[in-house]
């Protein structure tokens, strides 16, 4: 056992969790219900950790190893997951609103029933990658490319790619990712 101390990413003097644990992973698993908003967990080895329903809103998890981790129902809203390894992680029911997933490895991650992914271009890109090339028409691929490369806002998508974008979102709804279509229908 060693002394583990998890501090705020903005204030190193503010201790969010501390005590004697086998590892950071052990500490987090035993304190899943702790309020870990703003925790600095960058680069932490959390592979295969059970963090279901953990409150990690605004946590700094940049380059953390979360491969195979159970993050089902976790609150990851506004969390920085840039460069994190989320391969084979369970993100079902995870709240991803405003999470930074840039360069995160989502390969083989379980993403079904994830929620609040609406504004994540990285999540959109991962879901698109998982579809067969034949799923989309040429004009839909052009729209997808524009959305991913230029990180288009909703109004621009609606104005420049109205019909092909709707067809893309409908197809994604059929495979369980409905937030994009539902939001797109509401845009005037």
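Numbers at a glance
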read-out	value
Within region 169-188, tally of residues that are surrounded by 15 or more Cβ atoms within 10 Å (Cβ to Cβ), touching a residue at least 40 places away in the same chain (Cβ under 8 Å) and not in a loop (DSSP other than H, G, I, E, B)	4
Selected residue (only one of 82, 88, 97, 113 is outside any helix (DSSP H, G or I) and touching a strand residue (DSSP E or B) at 6+ places or on another chain (Cβ under 6 Å))	82
Set 119, 77: member being surrounded by fewer than 20 Cβ atoms within 10 Å (Cβ to Cβ) and touching a strand residue (DSSP E or B) at 6+ places or on another chain (Cβ under 6 Å)	77
Lone qualifier among 101, 46 - being over 23 Å from residue 180 (Cβ atoms), touching a helix residue (DSSP H, G or I) at 6+ places or on another chain (Cβ under 7 Å) and modelled with pLDDT of 90 or more	46
Of the criteria (1) over 21 Å from the mean Cα position of the chain (by Cα); (2) farther than 29 Å from residue 119 by Cβ, which one residue 29 fails	(1)
Set 149, 142: member being part of a helix (DSSP H, G or I), free of Cβ contacts under 8 Å to residues at least 24 places away in the same chain and within 19 Å of residue 106 (Cα to Cα)	149
Flag if residue 47 is in contact with a strand residue (DSSP E or B) (Cβ under 7 Å, 6 or more places away or on another chain), more than 26 Å from residue 147 (Cα to Cα) and part of a loop (DSSP other than H, G, I, E, B)	yes
Region 3-33 - residue that is assigned to a loop (DSSP other than H, G, I, E, B) and touching a strand residue (DSSP E or B) at 6+ places or on another chain (Cβ under 6 Å) and, of those, modelled with the lowest pLDDT	9
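The values are calculated or read from the model by the stated rules, or taken from the named source; none is laboratory data. Only a predicted model underlies this, so the values are computations on that prediction, with no experimental measurement involved. Cβ coordinates were reconstructed from backbone atoms using ideal geometry, including for glycine residues, and neighbour counts include every protein chain displayed.
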